[in-house]
Amino acid sequence: MPKFCLGIEATADDFSVGILDFNGNVLANVISAFIPKMGGIHPREAARHHGKVVGQVISTAFQEAHVKPEKLALISFSQGPGLGPCLRTGATAARALATYLDIPLVGVNHCVAHIEIGKLATGAKDPVTLYVSGGNTIVSAFEARYYRVFGETLDIAVGNCLDIFAREAGLHQRAGMPLGAIVEKLAEEGNELVDLPYCVKGMDLSFSGLLTAAIRLFEVRQYRLEDLCFSMQEIAFSMLTEVTERALAHTEKREVLLTGGVGANKRLQAMLRTIADEHDSRFCVVPKQYALDNGAMIAWTGILAYEHGKIIPVEKSFVRLKWRLDEVEAPWVGG
Ligand code: ATP
Ligand code: FE2
């Protein structure tokens, strides 16, 4: 009898449900994005959106997967890190399903899930991972039972840096075109490297100085917007590449895995491919549907954790807003 897991992802602006079998076949991966009318994400507004679409997204996932609820072996959900109201909406749905169906519940760390689905989707076995999104900037690799953090942002995430700059410059998100992708497009028309702060401290990164400087230069209209976008990308992505390369040299891993929304950027991909080549490592870019926040990654990591007995009682399934990647023991890795 095949076994299935339904996973719920609701850490931020997307509400998503994935259904996988225990062999790692993705049978459904339904995503409903909350797009704010203006500005950034307001956690309660996003959670309201999730609450509205939860029933529809779950039933669409069942239809797509051709799986009946009673065939599920477990429910998993993103337990953290993320925005409180969003996480709680997802967790409530997961608890209700697990209780109703009387099956185990597994809480999944969102960042671990990005790495696990990335490995599943690309065939990477033991990579150095660069996870770059609107809320996260992390360089990680597995070492002795845990995914270790080799470098991370000390302030804002690189995606957030690009998004805030784009909004300040009057750019607006369009359907199918995130702000980072609009910056990328403008950057293709840029060629003058504007002096912006490059900030790597040890193995960690800081983007807030770069953001402030770029906004200030935009306001004085001394440079073309295209050149500012080009320069932001060159500086921010060089910082990311430097830290990833050092993690690769230190760990002597043979794979580099790029994931998260910013991972779609062709310039970032080119920079990372260069260092992967120099270190005789395979460069793996996670396909978009599994690089953005998605329910499939929560379902798959739920299966891995469940197979190692990591289920949680409903009454202890509280959400963990600041749950770090390196706090999660991952007994399923490496054997
Ligand atoms: P989390 O931080 O929880 O993973 P998120 O919803 O912010 O969540 P994603 O959906 O993975 O993350 O990524 C969104 C980010 O990716 C946004 O900052 C967006 O601007 C950026 N992005 C998308 N496409 C590109 C691109 N081509 N170049 C640069 N950045 C991009
Ligand atoms: Fe994410």
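The values are calculated or read from the model by the stated rules, or taken from the named source; none is laboratory data. This one's a predicted model, so the numbers in the text were calculated from it and none came from an experiment. For neighbour counting, all protein chains shown are included, and Cβ atoms are generated from backbone atoms with ideal geometry for every residue, glycine included. Surface areas here come from the heavy atoms of the whole protein model, side chains and all, with no ligands, DNA or RNA. Shrake-Rupley method; radii C 1.70, N 1.55, O 1.52, S 1.80 Å.
Table for the structure above
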| item | result |
| --- | --- |
| Computed label-point distance, nm, for sites Leu321 and Leu101 using a 7 Å Cα→Cβ extension | 3.0 nm |
| Under 19 Å from Lys3, Cα to Cα: lysines that are on another chain or at least 8 residues apart | Lys68, Lys71, Lys310 |
| Label-point separation, Ala144 to His250 (7 Å along Cα→Cβ), nm | 1.4 nm |
| Value of [θ]222 nm, deg cm²/dmol, for the chain, DSSP H segments ≥ 4, -39500 (n - 2.57) each, nearest 500 | -13500 deg cm²/dmol |
| Candidate aspartates and glutamates - alpha carbon under 17 Å from Lys52, same-chain residues fewer than 8 apart omitted | Glu9, Asp13, Asp14 |
| Stretch gain in nm, segment Asp277-Met203, where the contour uses 0.36 nm per residue and the Cα spacing is subtracted | 24.5 nm |
| GluC sites (Glu not before Pro) lying in DSSP loop within the range 206-284, provided at most 15 other Cβ fall within 10 Å | Glu252 |
| Partners for Lys185 among lysines (Cα-Cα distance below 16 Å; same-chain residues under 8 apart left out) | Lys266 |
| Average Cα contact separation per residue, the chain, under 8 Å, 6 or more apart, as relative contact order % | 25 percent |
| The range 115-289, accessible surface, carbon-and-sulfur percent (1.4 angstrom probe) | 48 percent |
| The range 5-30 versus the range 152-231: alpha-carbon centroid distance in Å | 32 Å |
| At R0 = 25 Å, FRET efficiency that the Cβ-Cβ distance of His66 and Trp332 yields, to 0.05 | 0.40 |
| Beta bridge orientation in the chain: antiparallel %, DSSP, nearest 5 | 60 percent |
| Globularity ratio of the chain, using Cα Rg and 2.2 N^0.38 Å | 0.99 |
| Around Phe34: net Lys/Arg minus Asp/Glu count, Cβ-Cβ under 12 Å | 0 |
